[in-house]
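Student: I am attaching a structure below and will ask some questions about it afterwards.
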Amino acid sequence: FLNNLKEVKIANTVKELGEDAFAYCGNLQKISLPDSVKKLDFQAFCNCPNLKEVNLNKVEYICEQNFWGCPKLTRITIPETVKIIETGDTFGPVCDIKFKSSKAPEFTPCPTLIQLKKHNPYSNVSYAKKVNVYIPAGANKEDWLKQFNKEDISARITETYNFIEYDDTAAKALAKDVKIKVSSAKLIKGTKITAKVSSGDLQAIKDLGYNVTYKYYRSTKKTSGYVLMKESKYSTYKNTSGKKGTKYYYKALIEITDACGDVIYTGSAKDQTPC
């Protein structure tokens, strides 16, 4: 299997990821699917121990055990386009699942898993886990619970579901007013980059339970070629890796995410003066 694969780009002509497409890719860390991919077949990302970020975009059908054996994938967002999810260890150890749609997708038995259970006695080993399920405010919890209870029928797991309603309206409204200014200052060793909030109430957003991350970039050109140097929860960053005699431009990006890591706002600014 492809143990050296850390990130993959999929062409927008691909409509389906086949069975075990990226299974057992030991170093795969990030996957973002193009809008063209509508179906994830059986175990497409099974046993990827370092996978921690997934963007499903326009997927409509998720087969069973797609994210089984992905311990670093602690949260995942399911887009509104997803209509069918096969039951039975579909999300493995994922603890936070956020659904963008207020209507629950249809959970349906997995034919592959049913056949495996007939011939493999070890498939009946059971364990327990707790799952936080984030659903839009006002969604019918009974409908969601009805679908999720199907997971226990064909799976090896005994799950406790904690349904949490979310409403991003207030945070998004506050985030629209957030703007930052970036400045850089030469130090004895290195450069200090500061991303100062020039407008907006960032603390009010944090008080609502949202997370704020700063991303710092650098380039030798003013308009292009920026490379990510650091992700941090702090509004200042000290860079010591510069090459003597080289002038650099710096850019910072502020990213606001919810409890599931779903981005609700991004804003950026550049330091127009090289340092």
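Student: Among the residues of the stretch 185-218, which ones are open to solvent by less than 20 Å² (accessible area, probe 1.4 Å) and either over 16 Å from ALA252 (Cβ atoms) or modelled with pLDDT under 90 (or both)?
Tutor: The answer is ILE205, and nothing else.
Student: List the residue pairs whose Cβ atoms are under 7 Å apart, where the first residue sits in the stretch 38-53 and is farther than 11 Å from LEU73 by Cα, the second is open to solvent by 40 Å² or more (accessible area, probe 1.4 Å) and not in a loop (DSSP other than H, G, I, E, B), and the two are 6 or more positions apart or on different chains.
Tutor: LYS38/GLU16; LYS38/TYR61; LYS39/GLU16; LYS39/TYR61; ASP41/GLU16; PHE42/THR112
Student: When you go through (1) at pLDDT 90 or above; (2) in contact with a helix residue (DSSP H, G or I) (Cβ under 7 Å, 6 or more places away or on another chain); (3) open to solvent by 40 Å² or more (accessible area, probe 1.4 Å) one by one for ALA104, which number turns out not to apply?
Tutor: (3)
Student: Here is a check on your reading of the model: is VAL133 surrounded by fewer than 18 Cβ atoms within 10 Å (Cβ to Cβ) and in a strand (DSSP E or B)? If you could, list the steps in order and put the result at the bottom.
Tutor: Details: surrounded by fewer than 18 Cβ atoms within 10 Å (Cβ to Cβ): no; in a strand (DSSP E or B): yes.
Judged against the criteria, VAL133 is not a match.
Student: On the given criteria, is GLY225 surrounded by 11 or more Cβ atoms within 10 Å (Cβ to Cβ), touching a strand residue (DSSP E or B) at 6+ places or on another chain (Cβ under 9 Å) and over 18 Å from SER268 (Cα atoms)? So that I can check it myself, show each step before the final result.
Tutor: Working: surrounded by 11 or more Cβ atoms within 10 Å (Cβ to Cβ): yes; touching a strand residue (DSSP E or B) at 6+ places or on another chain (Cβ under 9 Å): yes; over 18 Å from SER268 (Cα atoms): no.
So GLY225 does not fit the description; no.
Student: For TYR249, all conditions in the list (1) more than 29 Å from PRO79 (Cβ to Cβ); (2) touching a Phe, Trp or Tyr at 6+ places or on another chain (Cβ under 9 Å); (3) open to solvent by 90 Å² or more (accessible area, probe 1.4 Å) hold save one; what is the number of the exception?
Tutor: For TYR249, the exception is condition (3).
Student: Let me ask another. Report the residue count in the stretch 228-245 for those that are of a type outside the set (Gly, Ala, Ser) and open to solvent by less than 50 Å² (accessible area, probe 1.4 Å). Break it down into steps so the answer makes sense when it comes.
Tutor: Taking the stretch 228-245 as the starting set, the residues that turn out to be of a type outside the set (Gly, Ala, Ser) are 228-231, 233-234, 236-240, 243-244.
Adding the requirement that they be open to solvent by less than 50 Å² (accessible area, probe 1.4 Å) leaves 237, 239.
The total comes to 2.
Student: Hey, another quick one. Which of the residues that make up the stretch 159-184 are assigned to a strand (DSSP E or B) and either open to solvent by 50 Å² or more (accessible area, probe 1.4 Å) or under 30 Å from GLN147 (Cβ atoms) (or both)? Let's see the steps before the verdict.
Tutor: Restricting attention to the stretch 159-184, the residues satisfying the condition of being assigned to a strand (DSSP E or B) are 159-166, 179-184.
GLU159, THR160, TYR161, ASN162, PHE163, ILE164, GLU165, TYR166, LYS179, LYS181, SER183 - these are the residues of the stretch 159-184 that are assigned to a strand (DSSP E or B) and either open to solvent by 50 Å² or more (accessible area, probe 1.4 Å) or under 30 Å from GLN147 (Cβ atoms) (or both).
Student: On the given criteria, is TYR249 of a type outside the set (Asp, Glu) and under 30 Å from LEU208 (Cβ atoms)? Break it down into steps so the answer makes sense when it comes.
Tutor: On the way: of a type outside the set (Asp, Glu): yes; under 30 Å from LEU208 (Cβ atoms): no.
Answer is no for this residue.
The values are calculated or read from the model by the stated rules, or taken from the named source; none is laboratory data. Owing to the predicted nature of the structure, the values given are computational and were not obtained by experimental measurement. Because the Cβ atoms are built from the backbone with ideal geometry, glycine has one as well, and the counts that use them run over all protein chains shown. Just the protein is used for accessible areas: all its heavy atoms, side chains included, with ligands, DNA and RNA removed. Shrake-Rupley method; radii C 1.70, N 1.55, O 1.52, S 1.80 Å.
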